[in-house]
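Right, one structure below, let's go through it.
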Amino acid sequence: MRRPCAIAGPSPATADRRPRARIAPPSGMGRRRPWSPGRIVAVYVVLSLAWAGLTGLLVQRLFGDPRYQELVRTANRAAFVVLSSLLLYALIRRSESEVRRFGAELRSAFDNMADGLLLVDSEMRVVDANRAAVELLGTASKKDLLGPIEDWAKRFALRYPDASPVPFERYATRRALAGEAVVPYEGIMRRADGRELFVSISAAPLAGMGLAVTVIRDISAARRLEEVRDEFLATAAHELKTPLAVIKAYAQLVERRAPADAQPLAAIERQVDRLDRLVQHLLDTSRLHLEGEARRERLDLGVLAREVVDRARRGAPRHTFTVEAPAPVMVSVDRARLARVVAGLLDNSVRFSPAGGPVAVRVEVDTGEAVLSVTDHGVGIPREQQARVFERYYHAHGGGADDSAGIGLTLEVSRAIVERHGGRMTFESVAGQGSTFFVHLPLAAGA
């Protein structure tokens, strides 16, 4: 099996909402820093050598009698002990004062961050929280937020946007402490007063301290705005489908009555089909955000692929479809949503293989996960455009004479559906030779 060469990353919209864990130092923090132990020792050694050298010369010059010299040296040693003790005391006090001031500035920066911050130790226990976290989660004090992170997540009902619980091994803090690169993800949390919040969660380790900072950002307002937008798109797209169907029906009627006008009428039908496809993409995008929790069921991925391919054959007579599934591959998925993903990949293969040709679907188990691949031999994707393939509203081939371009939603919607199932999408492509898209999904329990 060919290995995928590109990985779907977070969409630009998601990237814009990523929590930022950088803390700007308060005023004055960079001007005076605590003295290090090495610096204190160095100052002490220099002053000790200077004292010993200067007092030795003075004693030899001022006192010729050896008896007086010995008395003065004894007094000098005593004075040196007293003065060096005072010096060390002053240096240590200065260092402690600067450490306390430095800590107070850090504490102030921590408490005044707009995002909720949790400080988690290597034993996965919340050991500190800032005021924003207390206000965000609606608790009486930060003491209510301390304790094992797993108990904390259960108390506040941490879930993915589809309402499925976030597994302990996927906690951002746990992954950060394990040395993994953590990409911010969105979730739902329940405040102490029962109100639901949409949040963005990220985490970063504190090097050399065995601690991690978890950043919780409230994105409820942005989420509500997206829902209003999606509701508008769903309503507008639904209303557009009826007039498009009427236009196409009358165009077909006129074409049968006036065969001489078949060519312009065929162009009208083709453009109506294109508009209908764009409207359907808008509906798919809005439904993805407005639909509730996925209705998962255990099924054979190969059987689902055959069902979708059978429907695709009827609309693409110039293409030859094959499905290869050597053995049952059991997954736990939402049948309708995953069928939408496979249908979208097949539709792309057909549209970007205008000359026809084979479209191969393969289902197998690879490295402990279910993998579905769709391969075509069409126009492929230029290398310089491959990094943006999964971006919303972006398409590598647009404005062609064959009207094959969409509005860049199919792959973005498919990627989002697959990620909601705990999987990922990858692809490999060569311009002029075709593309292969891979859907990686977790195997069902016991598979």
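The values are calculated or read from the model by the stated rules, or taken from the named source; none is laboratory data. These numbers come from a predicted model, not from an experiment. When we count neighbours, we look across all protein chains shown, and the Cβ atoms used for this are built from the backbone with ideal geometry, even at glycine. Ligands, DNA and RNA are stripped out before the accessible areas are found, and what is left, the full protein with its side chains, is counted by its heavy atoms. Shrake-Rupley method; radii C 1.70, N 1.55, O 1.52, S 1.80 Å.
Could you tell me which residue of region 170-228 is surrounded by the fewest Cβ atoms within 10 Å (Cβ to Cβ), considering only residues that are more than 26 Å from Ser141 (Cβ to Cβ), aliphatic (A, V, I, L, M) and within 16 Å of the chain's Cα centre (by Cα)?
Ala181
Against the conditions (1) farther than 23 Å from Arg190 by Cα; (2) surrounded by 13 or more Cβ atoms within 10 Å (Cβ to Cβ), where does Ala245 fall short? Just the number, please.
Evaluating Ala245 over (1) farther than 23 Å from Arg190 by Cα; (2) surrounded by 13 or more Cβ atoms within 10 Å (Cβ to Cβ) leaves (2) as the failure.
Determine which member of the set Arg313, Arg318, Arg277 is modelled with pLDDT under 80 and basic (Lys, Arg). Step through it out loud before you land on a result.
Numbers: Arg313 fails: modelled with pLDDT under 80; Arg318 fails: modelled with pLDDT under 80.
Testing whether each residue is modelled with pLDDT under 80 and basic (Lys, Arg) leaves just Arg277.
Which of the residues spanning region 299-322 are under 24 Å from Gly422 (Cα atoms) and open to solvent by 20 Å² or more (accessible area, probe 1.4 Å)?
Passing the criteria: Asp300, Val303, Arg306, Glu307.
Name the pairs: first residue in region 402-422 and within 21 Å of Ile381 (Cα to Cα) and crowded, with 18+ Cβ neighbours inside 10 Å, second residue modelled with pLDDT under 80 and of a type in the set (Gly, Ala, Ser), Cβ to Cβ under 6 Å, at least 6 apart or on different chains?
Arg415/Ala8
Can you tell me which residue within region 323-349, out of those that are farther than 20 Å from Val379 by Cα and among the acidic types (Asp, Glu), is least open to solvent (accessible area, probe 1.4 Å)? Before you say what the answer is, go through the steps one by one.
If we filter region 323-349 for residues that are farther than 20 Å from Val379 by Cα, which is where we start, we get 323-341.
Narrowing further to those that are among the acidic types (Asp, Glu): 324, 334.
On the way: Glu324: 97, Asp334: 13 Å².
Only one residue tops the list, namely Asp334.
Just checking, does region 129-147 include any residue being open to solvent by 40 Å² or more (accessible area, probe 1.4 Å), closer than 28 Å to Ala221 by Cβ and not in a helix (DSSP H, G or I)? Working first, answer last.
Keep residues of region 129-147 that are open to solvent by 40 Å² or more (accessible area, probe 1.4 Å), which gives 131, 135, 140-144, 146.
If we keep only those that are closer than 28 Å to Ala221 by Cβ too, we end up with 131, 135, 140-142, 144.
Subset that is not in a helix (DSSP H, G or I): 140-141.
There is at least one residue in region 129-147 that is open to solvent by 40 Å² or more (accessible area, probe 1.4 Å), closer than 28 Å to Ala221 by Cβ and not in a helix (DSSP H, G or I).
Tell me whether region 229-237 contains one or more residues that are acidic (Asp, Glu), open to solvent by less than 60 Å² (accessible area, probe 1.4 Å) and touching a helix residue (DSSP H, G or I) at 6+ places or on another chain (Cβ under 9 Å).
So in region 229-237, the residues acidic (Asp, Glu) come out as 230-231.
Next, from what is left, pick out any that are open to solvent by less than 60 Å² (accessible area, probe 1.4 Å): 230.
Narrowing further to those that are touching a helix residue (DSSP H, G or I) at 6+ places or on another chain (Cβ under 9 Å): 230.
The answer is yes; a qualifying residue exists.
Across region 72-119, which residue is least open to solvent (accessible area, probe 1.4 Å) among those that are of a type in the set (S, T, N, Q) and farther than 30 Å from Leu206 by Cα?
Applying the first criterion (of a type in the set (S, T, N, Q)) to region 72-119 yields 74, 76, 84-85, 95, 97, 108, 112.
Filter once more, keeping what is farther than 30 Å from Leu206 by Cα: 74, 76, 84-85.
Details: Thr74: 75, Asn76: 39, Ser84: 14, Ser85: 63 Å².
Result: Ser84.
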